[in-house]
Amino acid sequence: MDDEIDPALIAILAQLWRAAQETPGRAWSLAKLSKQSGVPMSSLRRHLTALSDAALLDRTATGESATGTPTASLSDAGRELCAQLFAQSAPGIDES
């Protein structure tokens with residue numbers, strides 16, 4: 001059994017995490033996520049569906065913006081997961 005995580009999924013999560021850090025409260029367009037992550041739109045949509053099913057995306061921000069542009073952003077659970085995945089070191093842990 002292959003236990004490796006799909007690199008495309010990691011790239012998408014990294015960009016969703018970046019979006020949460022750089023523009024809190026605002027969803028990024030799928031076009032921007034695709035370009036920034038280097039993942040083709042068809043694969044991006046498939047991964048976003050899986051992330052949404054796992055409750056890692058904010059359903060209110062995942063959909064379309066006022067201009068009709070498809071968007072996505074992390075849910076609270078998604079932000080917690082990404083904080084664990086992409087943290088340099090956990091607060092309060094002495095690495096000496």
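The values are calculated or read from the model by the stated rules, or taken from the named source; none is laboratory data. The shown structure was predicted, so the numbers you read here are calculated from the model rather than taken from an experiment. In this analysis, Cβ positions are derived from the backbone assuming ideal geometry, glycine residues included, and neighbour counts consider all displayed protein chains.
Selection of first residues in the range 64-87 that are over 17 Å from Arg18 (Cβ atoms) and of second residues that are of a type in the set (A, V, I, L, M, F, W, C) and not in a helix (DSSP H, G or I), restricted to Cβ pairs under 6 Å at least 6 apart or on distinct chains, gives the following pairs, ordered by first then second residue: Ala77/Ala55; Ala77/Leu56.
Across the range 31-40, the number of residues qualifying as in a helix (DSSP H, G or I) and not hydroxyl-bearing (Ser, Thr, Tyr) comes to 5. Scanning the range 40-52 for residues that are of a type in the set (Gly, Ala, Ser) and over 17 Å from Leu81 (Cβ atoms) yields Ser42, Ser43.
Just name the residue that is modelled with the lowest pLDDT out of those in the range 51-82 that are of a type in the set (A, V, I, L, M, F, W, C) and surrounded by 14 or more Cβ atoms within 10 Å (Cβ to Cβ). If you could, list the steps in order and put the result at the bottom.
From the range 51-82, those of a type in the set (A, V, I, L, M, F, W, C) are 51, 54-57, 61, 66, 72, 74, 77, 81-82; that's our starting set.
After this cut, where a residue has to be surrounded by 14 or more Cβ atoms within 10 Å (Cβ to Cβ) as well, the list is 51, 56-57, 61, 72, 74, 81-82.
Values: Leu51: 96, Leu56: 96, Leu57: 94, Ala61: 60, Ala72: 93, Leu74: 95, Leu81: 94, Cys82: 95.
Here the residue is Ala61.
Here the range 1-39 is the region considered, the condition is being within 13 Å of Phe86 (Cα to Cα) and among the β-branched types (Val, Ile, Thr), and the residue that is surrounded by the fewest Cβ atoms within 10 Å (Cβ to Cβ) is Ile10.
Restricting the first member to the range 12-30 and to residues that are in a helix (DSSP H, G or I), and the second to residues that are buried (at least 18 other Cβ atoms within 10 Å of the Cβ) and small (Gly, Ala, Ser), the beta-carbon pairs closer than 6 Å and six or more apart or on different chains are Ile12/Ser37; Gln15/Ser37.
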